[in-house]
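The values are calculated or read from the model by the stated rules, or taken from the named source; none is laboratory data. All figures in this text were calculated on a predicted structure; none of them were measured in a lab. Virtual Cβ from ideal backbone geometry, glycine too; neighbours counted across all protein chains shown.
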Amino acid sequence: MLSSRSVPSAARRFASRLGAPLALAALLLGGCGGGPRTAEKGGAGTAEKGGQELLLVSYAVTKGAYDKILPQFEADWKARTGQTIRVRSSYGGSGSQTRAILDGLPADVATLALAGDVNKLQKAGLVAPGWEKELPNGGMITNSMVALLTRPGNPKRIQGWSDLARPDVQVITANPKTSGGARWNFLGLWGSVSQTGGSEAQAKAYVSAVYRNVENLPKDAREATDAFLKRGQGDVLLNYENEAILARSMGELKQPFLVPAVNIRIEGPVAVVDRNVDQRGTRKAAEALAAYLQTPAAQRIFAEQGFRPVNPQVWEEVKGRFAPVPKPFTVAAFGGWEQVDAKFFAKSGGLWDELFGQTRR
């Protein structure tokens, strides 16, 4: 079986050779997922014995949480409806996963790294306008922060954002072109200046200095973690706080990590992919899965995996596990994702391309 990471590119090559649009959807539906969630007989969205099958498409670092949440949802659905359901899953960089859905990956539910990626699905007509109003918390299911992971003993004495611009510090961060986490990192870097009274010119100079210290750009947050912890690259890693917590719990990270006091609140959304569920007849189940992700049961699992829960009850239970962030800001400080994408990440004229290009001259 194709791995979750290899499915989108492999499927496109397969479909291109066949020259048949349906080949893409067929291969993706048969090749995504992991463990026992294998393809079953029946039409699109259905499984044997009158059951249903859903495809959840998410970003790389959520896999551990969904490995625990999805079986619980399947059991809950069976208990409530008497119907068997199988939820298959695909993981990768959020930008890459978004493009895969746009290219035909038949996702029923998308839990991407940022609302900006869901908005791209909306613009393409895959997700109906107003998706963020379908559930509480603006359709968000997790929060996180940007964390700084250092080497044992913190030999470079990294204490916060400003140290990342020092010429003796090598920084690891993922590629904003493919990774939602990398876009959050970028906004955290920029906001560390702009949200503390700095000018745009100062923010540009600082971010340029940081990216001058970046030698390579892994494609997603999990690969960035592997580059730092398993391959020994870099002096400091910028990544999701939940990745740092997971690495500590697994014994891979020995050094305490830093969560800067001035930080961006990373908000992870869920959206039903309306066009797909209407075509596949899976709307009721897809909406139930999306809602289940905000339940206390699911939120506790997210918290176990290092995510900050959005459910107020669960947050009160677990908030002592997380570093206090006295000066949080959100993407709204930049005008929202539409303005962020246009200003920083546009295919032509975006500031990230400009600043990163300057560091390679």
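Summary of values
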quantity: Total residues in the stretch 205-221, condition more than 14 Å from N185 (Cα to Cα) and not small (G, A, S); calculated: 4
quantity: Options Q233, Q299, Q255, Q305; residue that is over 21 Å from the mean Cα position of the chain (by Cα), modelled with pLDDT of 95 or more and not basic (K, R); calculated: Q233
quantity: Boolean, I141 is crowded, with 24+ Cβ neighbours inside 10 Å and assigned to a helix (DSSP H, G or I); calculated: no
quantity: Residue that is surrounded by the fewest Cβ atoms within 10 Å (Cβ to Cβ), among those in the stretch 254-272 that are touching a Ser or Thr at 6+ places or on another chain (Cβ under 9 Å) and more than 28 Å from Q122 (Cβ to Cβ); calculated: P256
quantity: Residue in the stretch 146-153 that is more than 22 Å from T359 (Cα to Cα) and surrounded by fewer than 16 Cβ atoms within 10 Å (Cβ to Cβ) present; calculated: yes
quantity: Residue match in the stretch 192-203 (condition: farther than 14 Å from F334 by Cα, in the same structural domain as P260 (by TED's automatic domain parsing), touching a strand residue (DSSP E or B) at 6+ places or on another chain (Cβ under 8 Å) and among the hydrophobic types (A, V, I, L, M, F, W, C)); calculated: no
quantity: Qualifying position, being closer than 30 Å to R166 by Cα and either polar (S, T, N, Q) or without any contact (Cβ under 8 Å) to a residue 12 or more places away in the chain (or both), among N242, N276; calculated: N242
quantity: In the stretch 93-121, the residues that are over 20 Å from A332 (Cα atoms), of a type in the set (G, A, S) and outside any helix (DSSP H, G or I); calculated: G93, G104, A107, A110
